[in-house]
Structure formats: C-alpha cells, structure tokens
1. One residue is enough: does the range 130-141 have a residue meeting the conditions modelled with pLDDT of 95 or more and either of a type in the set (Phe, Trp, Tyr) or more than 23 Å from ALA57 (Cα to Cα) (or both)?
2. Residues SER140, SER123: which one is surrounded by fewer than 18 Cβ atoms within 10 Å (Cβ to Cβ) and either out of contact with any strand residue (DSSP E or B) (no Cβ under 6 Å at 6 or more places or on another chain) or of a type outside the set (Val, Ile, Thr) (or both)?
3. Regarding GLU171, is this residue assigned to a loop (DSSP other than H, G, I, E, B) and either under 21 Å from ASP47 (Cα atoms) or not hydroxyl-bearing (Ser, Thr, Tyr) (or both)?
4. Within the range 78-102, track down each residue that is among the hydroxyl-bearing types (Ser, Thr, Tyr) and surrounded by fewer than 16 Cβ atoms within 10 Å (Cβ to Cβ).
5. Among the numbered criteria (1) over 17 Å from the mean Cα position of the chain (by Cα); (2) not in a strand (DSSP E or B), which one does ASN146 miss?
6. Taking strands (runs of 3 or more DSSP E) that do not extend beyond the range 24-139, which have at least 2 residues that are of a type in the set (Phe, Trp, Tyr)?
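The values are calculated or read from the model by the stated rules, or taken from the named source; none is laboratory data. Just so you know, these numbers come straight off a predicted model, no measurement behind them. So basically every Cβ, Gly included, is an ideal-geometry build from the backbone, and we count neighbours across all protein chains shown.
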Amino acid sequence: MSLRNDAFETAQLPIDDIESGQSILLVGDDTTALKTVFARLVAADADERSVVLATNAGGRSIQRLLDDARDGAGSRASILTAEGPGRGADVSTIDDLKDITQVGMQFSNLVGTSQQSTARFRSGIFLCSTIVSELDDTRSVYRFLNSNFLTELRRGDGIGVVAIDRSAELETDVDSMVTGMETSFNIRIDVEQTGPQTATLHLSGVPGSKGPVDITL
C-alpha cells in the first residue's frame with residue numbers, strides 16, 4: 001500500500017482512522033471542547049507534520065495544545081498565527097487577517113515547506129469563524145478554503161480540519177454558513193459539551209463510525 005493511501009490514526013478519539021485527502025468540518029459552540037477535539041485530530045504523529053492557521057491563539061499556545069493531545073506534537077508543528085510574535089522557523093505571523101489572499105499564500109507556502117521534511121501532514125484552521133468575522137464577504141472565505149486549504153489536501157498526503165465556533169457573533173447566519181461550507185468537506189463532526197470534562201461527537205461521513213460517541217476532554 002502506498003503512503004498516499006495510509007490512513008491517519010485517531011487513537012485519541014473513538015472514531016475510525018481518517019483516510020488521506022479527507023477534509024473535516026468541526027463545529028461546536030464551546031471553544032474549549034472544540035479546541036480539544038481539534039488538537040486530537042491535528043496533532044502530528046512521529047512521521048508527520050502539523051500545519052496550523054491559528055486566529056485566536058499564539059504559536060506557543062498552539063504548540064502546548066498539540067503536546068497535550070500527542071506527546072511531542074508541538075515540536076512537529078508549523079504555525080501561522082494572527083496573535084503574538086513569530087518564534088523561530090516554526091511560528092510565523094499573519095500581517096493582516098483581512099488580506100485573505102495573502103493569508104492563503106502564506107498557508108500554502110507553509111504546507112509546502114513542511115513537506116520538505118516529511119510528506120504526511122495534518123492541517124487545521126482554528127478558528128475559521130474568526131476569519132469570517134474579519135471579512136465583509138463570506139464568499140472570500142469559501143474561495144480561500146477551496147483554492148488553498150482543500151487544494152493542498154488533493155495535492156499531497158494529508159488531512160485537514162476547519163473549526164467553526166457556532167457561538168461567534170457574525171454578521172452572517174452561522175448555521176447557513178456552516179451548511180454552505182459542509183458541501184465542500186468529506187466529514188462533519190459536531191462537538192456537544194455535555195459536562196465540565198465530557199462531550200458528545202455527532203458524526204457525519206466518518207467511515208465505520210455510526211451514531212454519536214462520547215469522549216472525555
């Protein structure tokens with residue numbers, strides 16, 4: 001079996017492994033629960049790299065989040081952040097989140113650079129809803145996702161996760177936006193927090209995984 005067809009393991013979550021090339025729309029209204037599930041999906045294994053566009057956290061915060069999900073994953077991450085300074089080769093900054101064309105170019109360059117060290121990658125955006133809040137036209141976000149984020153999955157050996165905070169205050173209707181985005185993704189996971197340290201995942205499009213599953217945060 002070629003590497004292109006090797007699935008990305010999801011041992012930190014009670015779902016089947018994710019095939020290379022798959023895209024995941026992650027939706028929830030509790031940022032903490034959403035962040036935990038996001039990290040468990042995006043944290044890179046030893047032969048992988050994580051490529052993260054972070055709109056609401058600095059590079060070190062994302063590295064710690066990935067380390068919590070998988071031992072050593074923070075050191076295997078390339079992060080493009082809208083908050084805090086760049087730090088070394090692994091953390092770079094966004095000049096202007098509203099310049100979505102430039103952000104797309106920076107993100108694609110980061111994916112390309114990460115593939116120079118290892119072909120397999122897990123990419124993620126946390127939070128895409130923050131990008132929407134910065135732009136007047138949500139169609140620009142759709143174009144960014146299809147022209148940059150999802151295109152990289154078709155070109156390379158990776159999976160991608162886009163997180164949406166349903167509680168975000170946006171000028172557009174969040175549910176309608178999610179419905180519009182969903183058509184471009186293979187998998188949708190809705191995160192419902194059920195307690196201080198528990199959540200339920202409602203799955204759509206995950207092969208071999210049926211019905212909701214409960215997790216500990």
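1. Checked against the condition, which is being modelled with pLDDT of 95 or more and either of a type in the set (Phe, Trp, Tyr) or more than 23 Å from ALA57 (Cα to Cα) (or both), the range 130-141 yields no hits at all.
2. None of the others qualify; the one that does is SER140.
3. Against the criterion (assigned to a loop (DSSP other than H, G, I, E, B) and either under 21 Å from ASP47 (Cα atoms) or not hydroxyl-bearing (Ser, Thr, Tyr) (or both)), GLU171 qualifies.
4. THR101
5. (1)
6. 120-126
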